[in-house]
Amino acid sequence: MHPSAIGNYRWAICGLLFFATTINYLDRQVLSLLAPSLSKQFGWSNNDYANIAAAFQFVYAVALLFAGRIVDRLGTKRAYQLAILVWSIGAIVHAFSLSLGYAINSVLTMLGFAAVPASIAGFIVARAILALGEAGNFPAAILAPLTVPIIAEIWGWETAFIWIGNDHRTVKEGAA
């Protein structure tokens, strides 16, 4: 392979990694940018929001302990594709967090446990899924504060999670 072709290939890889990392960080920021309006809509207290954020950070920290081993076992390309898939699903699941929360509460009630508000339960699970996938990448982006509030204002908060989650198709297609 000609040296200039190798250089171009490396830049293409760097571009895809930058794009994926940007989307990764977009996903992470959607909830924090929409927190004021979601808190008002669902009646979350600061403690409720803190519990949702803490769930992400806890799962992310634990997942980071295993991310390197998973990359070593699966290989960089397959592990990164898996990470993108999982965090994409996690991002999209946020839009369905109420339904998910009601399902979780039904199971908890059947098992005899106290249930939390459905919005909190659903968002905690969605954040946990997002954190599992995001552990395969590191955060660095600038686009979320510019795009997420506008998307939410025009098309609703659910759409912000779905659109940002669906942006990963481009990355997956490029990495394939």
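Bear in mind these aren't lab numbers, they're just calculated from the coordinates by the rules spelled out. Everything numeric in this text was worked out from a predicted model, so none of it was measured. As a convention, Cβ positions derive from the backbone with ideal geometry for all residues, glycine included, and neighbour counts pool all protein chains shown.
A quick yes/no check of all residues on (1) under 19 Å from the mean Cα position of the chain (by Cα); (2) farther than 30 Å from SER119 by Cα; (3) among the hydrophobic types (A, V, I, L, M, F, W, C):
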residue	(1), (2), (3)
LEU16	yes, yes, yes
ASN24	yes, no, no
ASP27	yes, no, no
LEU31	yes, no, yes
ALA35	yes, no, yes
LEU38	yes, no, yes
GLN41	no, no, no
TRP44	no, no, yes
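Close contacts from the range 78-96, counting a first residue that is buried (at least 23 other Cβ atoms within 10 Å of the Cβ) and a second that is not in a helix (DSSP H, G or I), with Cβ to Cβ under 8 Å and a gap of 6+ residues or different chains, come to ALA83/ALA135; ALA83/GLY136; ALA83/ASN137; TRP87/GLY136; TRP87/ASN137.
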